[in-house]
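**Student:** One structure is given below, represented as structure tokens, and several questions about it will come after.
The values are calculated or read from the model by the stated rules, or taken from the named source; none is laboratory data. Source: prediction; values computed, not measured. Please note: Cβ atoms are built from the backbone with ideal geometry, for glycine as well, and neighbour counts cover all protein chains shown. What goes into the accessible areas is simple: the full protein's heavy atoms, side chains included, and nothing from ligands, DNA or RNA. Shrake-Rupley method; radii C 1.70, N 1.55, O 1.52, S 1.80 Å.
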Amino acid sequence: METNQQYVNWFRHSAPYINAHRGRTFVIYLPGEALAHDNFAHTIHDINLLNSLGVKLVLVHGSRPQIQKACGEAAMESQFHNGLRITDLDQLALVQATVGRQAMQLEARFSMGLANSPMQGSRIRTSRGNFITARPIGVKNGVDFAYTGEVRRVDSEAIGKQLNDGNLVLISCLGYSPTGETFNLAAAQVAGRVAASLQADKLIVFGADKGISNSRGEQVVELLTRAGHRLVHQHQSSGDSWTDLSMHIDVLSKACDAGVARGHLLSYQEDGALLSELFSRDGSGTMVIKESYEQVRNACIDDVGGILQLIRPLEDDGVLVRRSRELLESEIHYFSVIERDGATIGCAALYPFDDARQGELACMAIDSNYRGGDRGQVLLRHIEKQSSHMGLQTLFVLTTASSHWFIENGFVAADLAELPTSRQSLYNFQRSSKVFSKELL
């Protein structure tokens, strides 16, 4: 019964995301390693589910390990520079055969409709074409890349027509020049250019890693593009070879800077990573965006319910003073909130004492699922900025359980007598709250 209820709750909570994704355009990049992995069947089923929910899909597939295997079988030596294969004329024929075979295998996968399988009843129409115009990379730093090329132009109008007709568009690592030549392209970069040309709502990149981790080994849930560019630059400056992860970060960051709403880096090894990322608030990988999608703003009456839900556990534990809905509604103009995808995940109140040029920071709370980041500091800076605009010189707080956090953020211990007289009269001696203050610059 509990398992059934968990499923019901998850399905209900996913409804807003289902509605938000319907009719949107997603570009998905699957490297050759993903196509060869045991989890690939599950990934195909999840892509099929997106199609059935009305998402417009472009699937860009890589072929590197398959091409490498074919080169080995043909006794052809492979050469790489900056992560790119140097493709001579003999290898080009092998690349064309390998990529064409892969495309047909993908079409066969999407044509499945076996009973008692996730593909039952699905009627996915796929479309392929000469959507990518390419040009040769040429000679760089003395290295002749031969038939390895780069994207010159994406026929976004033709792709858009296929998507509007309900087709799933398949794009490979091959591009074609106006002179009729074929070039081998980096599939990840193709995906980034396609997403930017379509102004896609999402670019989803599958890699070996479950997103990005920081120096402490903690997963980075959200990465701004400027931080992504900085990571790539640091990697290149260190002299390390070009890795898949650095290429994926580069592609996602450039695509989002070019107008793609959101990028996602997921692991092709994790079953259900795509669904977890798209249909839950927390996701499963790293999301790349140009600007943070968490918003700090002044609260309004519509935020009362979310704030109450956020602070109730802390009130039950005695960390916060209990507030009734009526009191919160009457004082909502004192509150600020952090909003994430329409949910309130943080709040704080600023009560000004204009005569004393002081302000009280109160009812500060961060959702337990989002602690450990810098959201508390972000909310504190927002309150400090508000205080300065009001002409307040000092911010004070009364706390029973968070002394160390406030000290770490510039507050110092203060006496009750230092508070405004009207606030001293309201002090609850039973709670024995400690007083801290901070001078505002």
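**Student:** If you scan region 130-148, which residues turn out to be open to solvent by 30 Å² or more (accessible area, probe 1.4 Å), in a loop (DSSP other than H, G, I, E, B) and farther than 21 Å from VAL194 by Cα?
**Tutor:** Once the filter is applied, which keeps residues that are open to solvent by 30 Å² or more (accessible area, probe 1.4 Å), in a loop (DSSP other than H, G, I, E, B) and farther than 21 Å from VAL194 by Cα, region 130-148 yields ASN141, GLY142.
**Student:** Report, by residue number, each residue of region 377-394 that is open to solvent by less than 20 Å² (accessible area, probe 1.4 Å) and either over 12 Å from ALA356 (Cβ atoms) or under 28 Å from the mean Cα position of the chain (by Cα) (or both).
**Tutor:** Once the filter is applied, which keeps residues that are open to solvent by less than 20 Å² (accessible area, probe 1.4 Å) and either over 12 Å from ALA356 (Cβ atoms) or under 28 Å from the mean Cα position of the chain (by Cα) (or both), region 377-394 yields LEU379, LEU380, ILE383, SER387.
**Student:** Also, I was wondering about something else. Can you tell me which residue in region 288-347 is nearest to the chain's Cα centre (by Cα), limited to those that are under 18 Å from GLU360 (Cα atoms) and of a type in the set (Ser, Thr, Tyr)?
**Tutor:** Restricting to residues being under 18 Å from GLU360 (Cα atoms) and of a type in the set (Ser, Thr, Tyr), the top hit is SER336.
**Student:** Select from region 161-179 the residues that are surrounded by fewer than 16 Cβ atoms within 10 Å (Cβ to Cβ) and in a helix (DSSP H, G or I) and list them in ascending order.
**Tutor:** Of all residues in region 161-179, those surrounded by fewer than 16 Cβ atoms within 10 Å (Cβ to Cβ) come to 161, 164-166, 177-179.
The answer is LYS161, ASN164.
**Student:** Could you list, in sequence order, all residues of region 54-89 that are part of a helix (DSSP H, G or I) and more than 24 Å from PHE131 (Cα to Cα)?
**Tutor:** Of region 54-89, the ones part of a helix (DSSP H, G or I) are 64-73, 89.
Within region 54-89, GLN68, LYS69, ALA70, CYS71, GLY72, GLU73 meet the criteria.
**Student:** Follow-up. Would you point out which residue out of GLY23, GLY32 is modelled with pLDDT of 95 or more and in contact with a helix residue (DSSP H, G or I) (Cβ under 8 Å, 6 or more places away or on another chain)? I'd like the intermediate steps shown before the answer.
**Tutor:** Numbers: GLY23 fails: in contact with a helix residue (DSSP H, G or I) (Cβ under 8 Å, 6 or more places away or on another chain).
Testing whether each residue is modelled with pLDDT of 95 or more and in contact with a helix residue (DSSP H, G or I) (Cβ under 8 Å, 6 or more places away or on another chain) leaves just GLY32.
**Student:** Same structure again: Can you give me the number of residues within region 395-428 that are of a type in the set (Ser, Thr, Tyr), open to solvent by 60 Å² or more (accessible area, probe 1.4 Å) and in contact with a Phe, Trp or Tyr (Cβ under 8 Å, 6 or more places away or on another chain)?
**Tutor:** Going through region 395-428 one residue at a time, the tally reaches 1.
**Student:** Looking at LEU310 and the list (1) part of a helix (DSSP H, G or I); (2) open to solvent by less than 10 Å² (accessible area, probe 1.4 Å); (3) in contact with an Asp or Glu (Cβ under 7 Å, 6 or more places away or on another chain), which single condition is not satisfied?
**Tutor:** Going through (1) part of a helix (DSSP H, G or I); (2) open to solvent by less than 10 Å² (accessible area, probe 1.4 Å); (3) in contact with an Asp or Glu (Cβ under 7 Å, 6 or more places away or on another chain) one by one, LEU310 breaks only (2).
**Student:** Now, a different point. Where the second residue is open to solvent by 40 Å² or more (accessible area, probe 1.4 Å) and the first is at positive phi and lies in region 157-169, which pairs have Cβ atoms under 7 Å and are six or more apart or on separate chains?
**Tutor:** As it stands, the answer is GLY166/ARG125, since those pairs meet every condition given.
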